[in-house]
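**Q** Just dropping this structure here.
The values are calculated or read from the model by the stated rules, or taken from the named source; none is laboratory data. Only a predicted model underlies this, so the values are computations on that prediction, with no experimental measurement involved. No Cβ is skipped: glycine too gets one built from the backbone with ideal geometry, and neighbour counts run over all protein chains shown. Please note that ligands, DNA and RNA were not included when accessible areas were found on the heavy atoms of the full protein model with its side chains. Shrake-Rupley method; radii C 1.70, N 1.55, O 1.52, S 1.80 Å.
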Amino acid sequence: MSLSMHQVSIPVFVRGLQALSGLLEKGAAHAAEAGVAENTLLDAKLAPDMLNLVGQVQRASDTSKLSGQRLSGVASPAMPDTETTFPQLIQRVADTVAYLESIDPAALEGSETRTVELNFGPERKVSFPGDVYLLTFALPNFFFHVATAHDILRSQGVKIGKMDYLGAAG
């Protein structure tokens, strides 16, 4: 039995986003309980040249929703990067999940051969078949940002671990 493009994309993104939402909820609770300023966590980075927690969440959202759009042809909602609080980030993640769950699995049929073109600058455009795009670019990029968000929160003392990153089993 083969896997469909829908099976290896939308539920995977949704599960990762739900885990990310749980991480953000624990980050918000930690800030409140430990008396840490919310901005201390939201502005935290792992390295000076990396995005902060807010940026990591925004990129996880963008990667998943734009992947859904590129593979299905269903327009994704515009989400300006204006979040400045945990509740706003949690809402963005929820809105991203709602969009992804609205995509009919039939819209992804045949997307493994759909050409996905990305523009990395004026002289760097890359084209992928849909399956290669999903498996070698979109999913790794998405999980990079989710893992980095986890690691930022963990480095700031939030009591989270591997199971928080993996999300609910089953």
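**Q** Can you list the aspartates and glutamates whose alpha carbon is less than 15 Å from that of LYS125, not counting same-chain residues fewer than 8 positions off?
**A** LYS125 reaches GLU117.
**Q** Then there is this: Explain nothing, just compute: Karplus ³J(HN,Hα) = 6.51 cos²θ - 1.76 cosθ + 1.60, θ = phi - 60°, for every residue of region 113-128 in order, whole Hz, x for Gly and Pro.
**A** Here the 3J(HN,Hα) series is 9, 5, 7, 10, 10, 10, 10, 9, x, x, 10, 9, 10, 10, 10, 10 Hz.
**Q** Taking all protein chains as present, what is the carbon and sulfur share of the accessible area of region 75-117, in % to the nearest whole number, probe 1.4 Å? All intermediate terms of the calculation are to be shown ahead of the outcome.
**A** Numbers: 1210 of 2310 Å².
Carbon plus sulfur share of accessible area: 52 percent.
**Q** Related question: Assigning unit charges at the beta carbon (Lys, Arg +1; Asp, Glu -1) and nothing else, what dipole magnitude in debye, to the nearest 20, does the chain show about its Cα centre? Please list the in-between numbers first.
**A** Working: 13 positive and 18 negative charges, 53 e Å.
Using Cβ point charges on Lys, Arg, Asp and Glu, the chain gives about 260 debye.
**Q** Check cross-link reach from LYS45 to the lysines: straight Cα distance under 21 Å, and skip same-chain residues fewer than eight apart.
**A** LYS26, LYS159, LYS162
**Q** Next question. Between region 38-77 and region 1-15, how far is it from one alpha carbon centroid to the other, in angstrom?
**A** Result: 20 Å between the Cα centres.
**Q** Can you list the residues, at least 5 places off or on another chain, whose amide H is less than 5 Å from the amide H of VAL116, using H built in the peptide plane?
**A** PHE128, GLY130
**Q** I need the Kirkwood Rh of region 60-141: take the reciprocal of the average 1/r across all distinct C-alpha pairs and report it in angstrom. Working shown, then result.
**A** Details: mean 1/r = 0.0730 Å⁻¹.
Computed over Cα pairs of region 60-141, the Kirkwood hydrodynamic radius comes out at 13.7 Å.
**Q** Quick check on packing: order 49-60, 2-13 by the mean number of other C-beta atoms within 10 Å, highest mean leading. Write out the running numbers ahead of the final one.
**A** Numbers: 49-60: 20.4, 2-13: 17.0.
Ranking the peptides 49-60, 2-13 by packing returns 49-60, 2-13.
**Q** Starting with the highest mean, order 144-151, 36-43, 76-83 by the number of other Cβ atoms within 10 Å, averaged over the residues of each peptide. Numbers along the way, then the final one.
**A** Working: 144-151: 20.4, 36-43: 16.0, 76-83: 12.4.
Packing proxy ranking, top to bottom: 144-151, 36-43, 76-83.
**Q** Output the direction-averaged projected area (hull surface divided by four) of the convex hull of the alpha-carbon atoms of the chain, in nm².
**A** 10.7 nm²
**Q** Hey, if you drop one equal point scatterer on each alpha-carbon of region 1-91 and run the Debye formula without solvent, what base-10 log of I(q)/I(0) do you get at q = 0.19, 0.24, 0.26 Å⁻¹?
**A** -0.93, -1.25, -1.36
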